[in-house]
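So the structure is just underneath, and the comments pick up after that.
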Amino acid sequence: MPKIAGLEILTQYLKNLPETPGVYRMLNEKKQVLYVGKAKNLKKRVTSYSKFAKLPNRLKKMVSEINIVEIVKTDSEIEALILELNLIKTLKPIYNIMLRDDKTYPYIYFNSKHQYPGIYSYRGPKTKKGKYFGPFVGGYDVERTVNLLKKSFLLRSCSDSDFKNRTKPCLEYQIKRCSAPCVDYISTENYQKLLKQTYNFLTGKTNEVREKLSTEMELASQKLDFERAATLRDRIKAISNITAKHDIADHKLIDSDILAIIQQDSTVIIEHFIFRNGFNHGNQHFFPANIEGLTLEEILTNFIKQYYQKENIVKEIITNISLSEADKLTTIFFKQYQSKTTISTPKAGRKKKILNFVENNAKYHIAQKTKNRNKNLKYHQKLQEIFNLDKLPNKIEIFDNSHIAGTNAVGAMVVSDLNGFNKNYYRKFNIKFANQADDFAMLKEVLQRRYSRLLNENKQENWPDLILIDGGKGQASIAAEIFANLKINIPFFCIAKGEFRNKGLERFCNNHTDYFALTDQEALYYLQRIRDEAHRFAITTHRKKRTKNTLKSELDQIPGIGPKKKQDLLKYFGSVAKIKSASKEDLAKVKNINLKLAEKLLVFLK
């Protein structure tokens, strides 16, 4: 049973709590926020945490760590809900439900301020002027749709600087994915017609667009303009391909999200489908953490509060279970984002059919997760036996380094747990202090930085149960030295490559154990797989850094070209290659670049 010093502190705070609406925060002795909650009656709600024996283990642990209780009184429960929502998003309390989803979602973007607007995939805040369609769940979905739209409507996708400097059509025109407005192969008026058809298509008017193109095709045939008729036929086929690519569609779902929550044993999944203008823009699923003792309704309500923000708020949320706080949530969305959102749980009809489809996807994904977890559990049990560990290794951190002749050196850490590779916890380390040609010094820096930071954070749930390092006895000595200096005791082993670097001949060691091989082929395969993932991540990180530094070095070595001018040049021309091929007159068109500096640029770059 955990120590309950925090319970005594909580009891003292209870004496002075008001019986009004508000928000409470639990903090530990390091002033880290443990939990944020809202209440209609602060005293009554916080008192429930003092009934220690009835709390789930998650909240027992939280209460035992309480050092400070802070409250903010509000005029109403709705105001308390809004404040709670904002605090959870900004403070990320340790014991609140965690979604671990901070990514931004991609959109299809048109830079409509240009005479010939281009079509692009775009990710980030919608600060650029133009039209946005989305969001989509993944970048692949956006790229696929953009390519099909280019084929259908022949819109350009080049940068404005490419467009401005082009004297003949590019490959996109040759493969019939652009109408070449850059060289006046299409008039502004006709390009705008193509653009309008694209907008109509993306806003769900697919039949209208298809019928109009069919009419134009028939007229072209009657006029014996068979080339144009064939072009229109190909565009109709391309449009049909786009609609066929969407697995499920409902043209009445204009701005809707479908959420289905399912539980299997102790695992909960929230399946999320996005519908915009009748199209399915993809799906994703979440496995929320810190949910012990909560009902499915409470978990889904908390998900909605955390997930929706100004950028992704929708007009309609459809859920597979009824939410008692639905009205409060819609009030919040109106006050926070001026959105008239509805939350409903259909019992019959077309929406119920789509909801059933989403539920079936949730059941499939949670079954797959359970299957993978059981398989990984078997592997981790084998590792516990092989490495003679005191407890089952749930979380494993694996390290590798990458460099070429001591340049662009990086360290990489990947994480594998019972659910598989957890990319939310991957870390990369740009080598700052060590000799970049010295693998031992690099490892020393990486381990020192990684575990010093964990000590400062003091979050037990972030610590691994086992550490694996790509290397042999030399790396084992370095790791043992670092861990001894930091006074941490985590089991670790090094994975040494086999003779001639052959897979299947790997050996393992640490500072106490000499090299040994594994006879269990399943366990060996699992260790090879997670070691290879660390190697892949290290190589990928190194290549990105090398590419970035190569790009930098060509402009950075030129006297008189500082960061601002370099940025202006790259923004105008798009690449160093384009800068090299430009004339001095073209270079002088860039802000802050005169003819004299343009001549100097060409001398250095050519």
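Might you report the magnitude of the Cβ-based charge dipole of the chain about its Cα centre, with Lys and Arg at +1 and Asp and Glu at -1, to the nearest 20 debye?
Taking the Cα centre of the chain as origin, the dipole is about 1480 debye.
If one computes the Cα centroid of the range 1-62 and of the range 564-589, what distance in Å separates the two points?
Here the two parts' Cα centres lie 60 Å apart.
Looking at the range 357-409, which trypsin sites (Lys or Arg not before Pro) are DSSP coil and have at most 10 other C-beta atoms within 10 Å of their C-beta?
Qualifying residues, ordered by number: LYS391.
With all protein chains present, how much of the accessible area of the chain (probe radius 1.4 Å) comes from carbon and sulfur, to the nearest whole percent?
Of all accessible area on the chain, carbon and sulfur atoms account for 50 percent.
Taking the alpha-carbon distance from LYS473 and a cut-off under 14 Å, which aspartates and glutamates remain once sequence neighbours fewer than 8 residues away in the same chain are dropped?
Partners within reach: ASP439, GLU481, GLU506, ASP514.
Name the residue farthest towards the positive end of the dipole of the range 349-462 from the options LEU418, LEU355, LEU392, assuming +1 on Cβ of Lys and Arg, -1 on Cβ of Asp and Glu, about the Cα centre.
Of the options given, the answer is LEU355.
If you find the alpha carbon centre of the range 269-309 and of the range 381-405, how far apart are they in angstrom?
32
What is the calculated FRET efficiency for ARG350 to LYS51, with r their C-beta to C-beta distance and R₀ = 60 Å, to the nearest 0.05?
Efficiency at R0 = 60 Å is approximately 0.85.
In nanometres, what is the gap between the two model label sites at LYS237 and GLU19, each 7 Å from Cα along Cα-to-Cβ?
It is 7.6 nm.
Straight-line reach from LYS363: which aspartates and glutamates fall under 15 Å, measuring Cα to Cα and dropping same-chain residues less than 8 apart?
LYS363 reaches ASP265, GLU271.
Pairs of Cα atoms under 8 Å, at least six residues apart: use those to get the relative contact order of the range 40-129, whole percent.
Over the range 40-129, the number comes to 17 percent.
Hey, quick one: spin label on LYS92, modelled 7 Å out along Cα-Cβ, who in the range 416-443 has an amide N within reach, i.e. under 15 Å?
It comes to 423-428, nothing else.
222 nm [θ] for the chain, helices only, -39500 (n - 2.57) per DSSP H run of 4+, per residue, to 500?
Calculated mean residue ellipticity at 222 nm is -15000 deg cm²/dmol.
For ASP568 and LEU377, compute 0.36 nm times the residue count separating them, minus their Cα-Cα distance, and round to one decimal in nm.
Using 0.36 nm per residue and subtracting the Cα-Cα distance, I get 63.4 nm.
Below 8 Å, C-alpha to C-alpha, sequence gap of six or more: please give me the relative contact order for the chain in percent.
The value is 8 percent.
What is the extension gain from LYS40 to ASN594, computed as 0.36 nm multiplied by their sequence separation minus the C-alpha to C-alpha distance, in nm to one decimal?
The span from LYS40 to ASN594 would gain 192.8 nm if fully extended.
Testing the spin-label approximation: label points 7 Å from Cα along Cα→Cβ at GLU359 and LYS128. State their distance in nm.
Label at GLU359, label at LYS128, 4.2 nm between them.
Too long at a 24 Å Cα-Cα cut-off: which of LYS351/LYS423; LYS38/LYS423; LYS193/LYS351; LYS38/LYS310; LYS150/LYS196?
Too far apart for the 24 Å limit: LYS351/LYS423; LYS38/LYS423; LYS193/LYS351.
Among PRO288, GLY278, LEU300, whose Cα projects farthest towards the positive end of the dipole of the range 264-323, with charges put on the beta-carbon of Lys, Arg (+1) and Asp, Glu (-1)?
Farthest towards the positive pole: GLY278.
How big is the range 267-362 by the Kirkwood estimate over distinct Cα pairs, in Å?
14.2
With the cut-off at 29 Å, tell me which of the pairs LYS212/LYS352; LYS544/LYS584; LYS31/LYS391; LYS30/LYS60 have Cα atoms farther apart than that.
LYS212/LYS352; LYS544/LYS584; LYS31/LYS391
To the nearest 20 debye, what charge dipole does the range 252-326 have about its Cα centre, counting +1 at the Cβ of each Lys and Arg and -1 at the Cβ of each Asp and Glu?
So the magnitude is around 360 debye.
When 1/r is averaged over all different Cα pairs and the result inverted, which Kirkwood radius in Å belongs to the chain?
Computed over the chain, the radius equals 29.0 Å.
What accessible area per residue, rounded to a whole number of Å², is obtained for the range 249-304 using a probe radius of 1.4 Å?
33
Compute the signed sum of charges (Lys and Arg +1, Asp and Glu -1) over the other residues within less than 11 Å, Cβ to Cβ, of GLY411.
Here the charged neighbours net out to +2.
Can you give me the distance in nm between label points at GLU208 and ALA577, each placed 7 Å from the Cα along the Cα-to-Cβ direction?
Between GLU208 and ALA577, the simple spin-label model gives 4.1 nm.
Cβ under 12 Å from ASN456's Cβ, ASN456 left aside: what net charge do those residues give with Lys, Arg +1 and Asp, Glu -1?
Counting the neighbours of ASN456, the net charge comes to +4.
What does the accessible area per residue of the range 416-540 come to in Å², with a 1.4 Å probe and no ligands, DNA or RNA counted?
About 52 Å² of surface per residue is accessible.
Between GLN368 and ASN462, what is 0.36 nm times their sequence separation minus the Cα-Cα distance? Round to one decimal in nm.
Value of the extension gain: 31.3 nm.
Debye sum, Cα scatterers, the range 343-463, no solvent: what log₁₀ I/I(0) at q = 0.20, 0.21 1/Å?
At q = 0.20, 0.21 Å⁻¹ the computed log10 ratios are -1.11, -1.15.
Of the listed pairs LYS566/LYS591; LYS15/LYS89; LYS176/LYS578, which have alpha-carbon separations greater than 19 Å here?
In this structure, LYS15/LYS89; LYS176/LYS578 lie more than 19 Å apart at Cα.
The values are calculated or read from the model by the stated rules, or taken from the named source; none is laboratory data. Fair warning: this is a prediction, and the values are worked out from it, not measured in the lab. Heads up, the Cβs are rebuilt from the backbone with ideal geometry, glycines too, and the neighbour counts pull from every protein chain shown. Areas reflect the complete protein model, heavy atoms only, side chains present, ligands, DNA and RNA absent. Shrake-Rupley method; radii C 1.70, N 1.55, O 1.52, S 1.80 Å.
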